[in-house]
Amino acid sequence: MRIENNGLNSQASVADSGRSGTNGASSAAVETNGNGAGVRNGSGKLEGGSTASSFTMLAPPTPKPSYFGHDREEITRIVIQSLVDLGYHKAARVLEEESEYTLESPEVSEFRDAVLQGQWNKAEELLFGLEINKDADVNALLFYMRQQKFLELLEVADVSRALHVLRTELTPLNQSVEKLHSLSSLMMCISADDLKARAEWDGAAGMSRQQLLSELSKSISASVMIPEHRLASLLHQVKQNQLSKCLYHNTANSPSLYTDHHCDRNQFPLSTVEILTDHKDEVWFVQFSNDGTRLATGSKDFTVIVWDLEDFQPIHHLKDHTGAITYLRWSPDDSKLLSCSQDKQAKLWDTTTGGCIRTMSAHTDWVSSCAWAPDGQTFVTGSVDKEMILWNLYGESIHTWTGARVYDLVVTADGARLAAVCTQMKLHVFNFVTREKEYERDLGGVSTCISVSKDSRYILLNMGAGVQELRLLNIETGADVRHFSGTKQEEFVVRNCFGGADENFVVSGSEDSNVYVWRKENGALVEVLPGHSGIVNCVAWNPTNPYMFASAGDDRNVRIWSKAPQPQLKEQRETTVQPIAKRDPGCLPELSKQSGQLILPFPCQLAISSITHSETTQTTTLTIAGAAPILTDAHLGDSISVNGTCLTITSFTRDTFTVDLSPETLRRTTFPQSLPSSSPNPVQVNLERAVSGDVRFGGHFVQGHVDTIASIVDRRSDGSPVVFRFKPRDMEVMKYVVEKGYVAVDGASLTVVAVGEGEDQGWWEVMLVDYTQEKIITARKQVGENVNVEVDITGKYIEKQVLAYLGAGDDGEGRGGLLERVVERVVERKLSERK
Amino acid sequence: MGLSYNVYLNSSRIYGCKNCKTHLSNYDDILSRNFRGQHGKAYLFNTVVNISEAEPVERNMTTGRHIVRDISCRQCNEIVGWKYDKAYEASEGYKEGKFILEAELLVNVR
């Protein structure tokens, strides 16, 4: 790696940087002797002429501009180093010439050579000439170098000189006595190979000198000797940074450097694409087959269903168990399926035929969990009866581990370890090959589920009551690596899994019906996915498709989640519009609950934004804007009461909707056929949605079928409440208006405080308290304006019944009603008795 | 509601449900052996596990009026005894919040 130094300019600039330690001074200004004196040895080693020859330059070179804010020298030297790393020596040399920077000063090059060639004395001298980090232990560095010297001497069997080195050079350095002892014991080695084996050293001809150089260079100031592969490590940091920020990172590929890496949220499985509902009771377990083509689900209904993922149809229903299914496991080659059940048995099934091959009945309590050995020839079942049993494929028990009541167990993919969690809040890890216990660890909380990562290094535990989080542990040490929180888990078994391409994610179910997903690398919560109702018991990720996972819940459903399909707009649902008049008979009335209160808190905001009339269909279309609060759960065909008129939404957007008005509606209500063109105030309306099932019933049932309109004949204050007197256009409705009864005015249910009737006239009064005045538009109307009126329907029904009994038809004609007939019969009977 | 496991007790003598062997209480939790239930001998326990409680009712016992609730094994739903909610006589107050398990309905499990 020798780089020629061309000219004194570069030397001076390097010396400059060597002295300052930082590369702030980008000026390559040539300096005089004063500069050279600052570097020991350096000037002594300058080739040829003296610094005086630097004055042959006519003018100091202008400072070169920084590279987009980065120090030019740093960048250039790093690039030179990268070129050398990549093997482009010629290019590196040209770059050095052109940029007039060198990668390393000559001292450094010489030092490097000295080390690589084993010229230890020279190397030691040069080491002191280089700028060493202040906190570097010089003695340690010397020890290292001299150790190499010692080992090399032993290698060539020059024992006496080696001993000399040990005594005079290594010992005085006051390094650890153990090291000295071990080095001296190496002198007993018989041959060079033995030495190499004992010392774990690969000889002078091997990489040891390079390694020594790397170690030494770490202690030398970075600007003098750039850390090796600096560009590569910088880029590595950039990638790590981008990856850690990418929340939805779901690929195993290393990101390209050409663009900033960012995974789109839409590429992440966020929506339910299928719901499998065949189970008849809570579904407690779900697992994909290892080839990703099938899914097995186990339920409290005692059955296991194997599904085909092409069409999401069941392939097999496995019904032999007599207890709820607690756990399932596909064999590594997917040819068999193990099921564990509360009937204290585990069954082995053939997944092609759906038949039960073997039943393992050795357990005396619920079988809680099972796992396959990676070769598929043996498997372990665990139970709360304190035993874990290792079986072979013939259903014979090979080995039993006794002691812990096991909730869940796993076998690592490399077949090295068996890990289990028990009722006593402990984690037990066994060596699967020797079957000995490696360690057990107190967890401080109950863990209901354990999963292991594909690389067999990490285990994921679900912690329940009191702790309520997920923990990632290192399986070798049992130490916590990371926590993931957000789930709710108090009483029940909730399971987790690793997921995503390269297992970037950790997924868990929860008692609050959501599925939780976190980034494994940094614990960031990626998504909380609602959808299930009731506890989400188990989750599983498709091992071959990073965009699909499944969840099983108490609601008897298994949901398959994948990338969002094309968004289906609610507005696109088909519906036919029916004018009001045709809707009335026969159809179910849309009951809208009136309580004097409107859903909308701000009455000012609802105005008819436009009215259009079509002569051909004789239908008027009303558009209302600013209605976002009531459109949150709207669907086409829903009924909205507009000024007490039940109207059907024919179309809607986020905050406007349109309704159609038939001629009958226009006759009976106050809706104009068109908006007054010059009105400064918009025509405002009361709006209310239809009643839902869980509200308090504070008024009376109003259908939204307006009977007539009435005009305001008087308006006066009675303290702060305001009393309105209404006179209906059609006097017949007065029959149904009684004092202290209900009338719906513009859709608001109001109490009648006074009624006045007389020849051909009638009126009633209502009182609007402050609150009502704020909430409905009627309060703002003045004398002479009109309102929609609907009377209480019960009055009408009663009237009709009475008329039927009295024999008077609707038109007043006597028709021999029931009462009359009764009287007739009684009279006849009496008369006949008399005779 | 979800999968949940029974509680397992840790002692040398454990009483369990006669029907399904679910752990109910420890020998060490017995407060008194001097009780009689509908099936004969019964013991007063400090704590029991794996039970579900019924609604409280008022009952006249040999020792006076009490408010009790029947308790059954949560696994097999067989009644195993009752729990005292309230005792009207002051001298019986020590029973409040404690449980009676009938000896006839228990087995020793280990």
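Throughout, read-outs are computed from the coordinates displayed, never taken from laboratory work. The model shown is predicted, which means the values in this text are computed figures rather than measured ones. Cβ: placed from backbone, ideal geometry, glycine included. Neighbour counts: every protein chain shown.
Ordering A:80, A:709 by the number of other Cβ atoms within 10 Å of each residue's own Cβ, fewest first, gives A:709, A:80. For region B:52-110, the residue among B:94, B:56, B:82 whose Cα projects farthest onto the positive side of the dipole built from Cβ charges is B:94.
Which lysines does residue A:437 reach when only Cα atoms under 21 Å apart count, and residues fewer than 8 places away in its own chain are ignored? Here the lysines satisfying the reach criterion relative to residue A:437 are A:386, A:426. Placing a label point 7 Å from the Cα of residue A:291 along the Cα-to-Cβ direction, the residues of region A:518-557 with a backbone N closer than 17 Å are A:542-545.
Please rank A:515, A:507, A:753, fewest neighbouring Cβ atoms within 10 Å first, as an exposure proxy.
Details: A:515 24, A:507 28, A:753 16.
If I rank by nearby Cβ atoms, fewest first, I get A:753, A:515, A:507.
Each Lys and Arg adds +1 at its Cβ and each Asp and Glu adds -1 at its Cβ; summed about the Cα centre, the protein assembly as shown shows a dipole of about 1940 debye. With each label point set 7 Å from Cα along the Cα-Cβ vector, what nm distance links residue A:280 and residue A:233? In this crude label model, residue A:280 to residue A:233 measures out at 6.6 nm.
The alpha carbons of region A:105-228 stretch over 43, 29, 21 Å along the principal axes, in descending order.
The tail of the calculated P(r) for region A:708-791, taken as Cα-Cα distances beyond 22 Å, holds 14 percent of the pairs.
Once both labels are positioned 7 Å from their Cα atoms along Cα-to-Cβ, the gap between residue B:28 and residue A:356 label points is 4.1 nm.
Note on B:62-68: average number of Cβ atoms from other chains within 10 Å of each residue's Cβ is 0. Distance between the 7 Å Cα→Cβ label points at residue A:241 and residue A:214: 2.5 nm. Within region A:265-562, the proportion of Cα pairs with more than 35 Å between them is 9 percent.
Taking a ≥ b ≥ c as the square roots of the eigenvalues of the Cα gyration tensor of the protein assembly as shown, is the shape rounded (a/c under 1.5), prolate (a/b larger than b/c) or oblate? In terms of gyration-tensor shape, oblate. Cross-link pairs exceeding 23 Å in C-alpha to C-alpha distance, out of A:280/A:454; B:41/B:95; A:122/A:196; A:344/B:98, comprise A:280/A:454; A:122/A:196; A:344/B:98. Taking trypsin sites (Lys or Arg not before Pro) across region A:252-319, the ones in a DSSP loop with at most 12 further Cβ atoms lying within 10 angstrom of their Cβ are A:280.
Size of region B:14-108: Rg and Dmax of its alpha carbons, in Å, are 12.3, 37.
Candidate cross-link partners of residue A:775 among the aspartates and glutamates, defined by an alpha-carbon separation under 13 Å and a same-chain spacing of 8 or more, comprise A:688, A:746. Full extension of the chain between residue A:502 and residue A:751 gives 82.8 nm of extra length, using 0.36 nm per residue less the Cα-Cα distance. Positive-end ranking of A:188, A:130, A:226 along the dipole of region A:105-228, with charges on Cβ about the Cα centre, is headed by A:188. Among the residues of B:2-14, the average count of other protein chain beta-carbon atoms within 10 Å of the residue beta-carbon is 6.
Run the reach check for residue A:179 against aspartates and glutamates, Cα to Cα strictly under 19 Å, same-chain hits fewer than 8 apart removed. What comes back? Within reach: A:137, A:152, A:155, A:169, A:194, A:200, A:202, A:215.
Quick one: pull the percentage of alpha-carbon pairs in region A:447-530 with a separation above 22 Å.
On the way: 551 of 3486 pairs.
For region A:447-530, the fraction of Cα-Cα distances above 22 Å is 16 percent.
Between rounded, prolate and oblate, where does region A:216-301 land on the alpha carbon gyration tensor, with a ≥ b ≥ c its root eigenvalues, rounded for a/c under 1.5, else prolate if a/b exceeds b/c? Since a/c reaches 1.5 and a/b is larger than b/c, the shape of region A:216-301 is classed as prolate.
Mean per-residue shielding of peptide A:531-539 is 1, counting Cβ atoms of other chains within 10 Å of each Cβ.
When A:646, A:189, A:497 are ordered from fewest to most other Cβ atoms inside 10 Å of their Cβ, what list results?
Details: A:646 26, A:189 18, A:497 23.
Ranked by crowding around the Cβ, least crowded first: A:189, A:497, A:646.
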